[in-house]
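Notes follow once the structure below has been shown.
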Amino acid sequence: MLLWQICWPLFCGWTPKPANSWRLLWLRIFGARINGVPFVHQRARIALPWNLTLHDRSCLGDRANAYSLGAIEIGARATVAQETYLSTGSHDFTQAAIPLVTAKITIGEDAFLGARVFVMPGVTVGPRSVIGACSVVTKDIPPDVFAAGNPCRILRAR
């Protein structure tokens, strides 16, 4: 983990957007599962790349946070916009020790998460769904809907 925290800023954080294949190489070296050619912005923050799966033409935007203590899967052509936070880790407050708990986040293919969306552990965003900016997604979102708010609610069919 320490080596990753050194390598990403040193070898990738300064690179221009067209150097995406270089960033993908470093993600692969550290165990990320990459299918096709996704885009990862140079200022994206990825906690543990070995828990990240990116599919073809998915996008992890500028200053997006993949807090990947558990698995994160971003489907084909899905967009995770700037400053979005995907958090797979939380704590179990029902226990005195407040242990860490993790759960997988899945972003379906062709989904779009607007700027500064926060996605909680264990959430699935269905294929082709759109999540409005600054939303807090606490529960699964079905396919083909527009959803927004805090907490995120379905607004209408897409």
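A few remarks follow.
- Checking each residue in region 33-46 for being of a type outside the set (A, V, I, L, M), in a strand (DSSP E or B) and under 17 Å from Tyr67 (Cα atoms) picks out Arg33, Arg45.
- Residues that are of a type in the set (A, V, I, L, M), part of a strand (DSSP E or B), farther than 23 Å from Ser129 by Cα and under 18 Å from the mean Cα position of the chain (by Cα) occur in region 82-101; there is at least one.
- Filtered residues of region 3-42 (kept if touching a residue at least 24 places away in the same chain (Cβ under 8 Å) and of a type in the set (Gly, Ala, Ser)): Gly13, Gly36
- Among the residues here, Ala81 does not qualify as of a type outside the set (Asp, Glu), surrounded by fewer than 18 Cβ atoms within 10 Å (Cβ to Cβ) and modelled with pLDDT of 95 or more.
- Enumeration of residues in region 63-81 that are more than 22 Å from Met1 (Cα to Cα) and assigned to a loop (DSSP other than H, G, I, E, B): Gly75, Ala76, Arg77, Ala78, Ala81
- For region 47-56, the count of residues that are modelled with pLDDT of 95 or more, in contact with a Cys (Cβ under 9 Å, 6 or more places away or on another chain) and either buried (at least 20 other Cβ atoms within 10 Å of the Cβ) or not basic (Lys, Arg) (or both) is zero.
- Qualifying positions in region 11-32 - of a type in the set (Phe, Trp, Tyr), over 15 Å from Met1 (Cβ atoms) and in a helix (DSSP H, G or I): Phe11, Trp22
- Sub-6 Å Cβ pairs linking a first residue in region 104-120 that is among the aromatic types (Phe, Trp, Tyr) to a second residue that is surrounded by fewer than 24 Cβ atoms within 10 Å (Cβ to Cβ), at least 6 apart or interchain, are Phe112/Thr79; Phe112/Val130; Phe118/Tyr85; Phe118/Val136, ordered by first then second residue.
The values are calculated or read from the model by the stated rules, or taken from the named source; none is laboratory data. Predicted model, so just to flag it, every value in this text is computed and none were measured. Please note: Cβ atoms are built from the backbone with ideal geometry, for glycine as well, and neighbour counts cover all protein chains shown.
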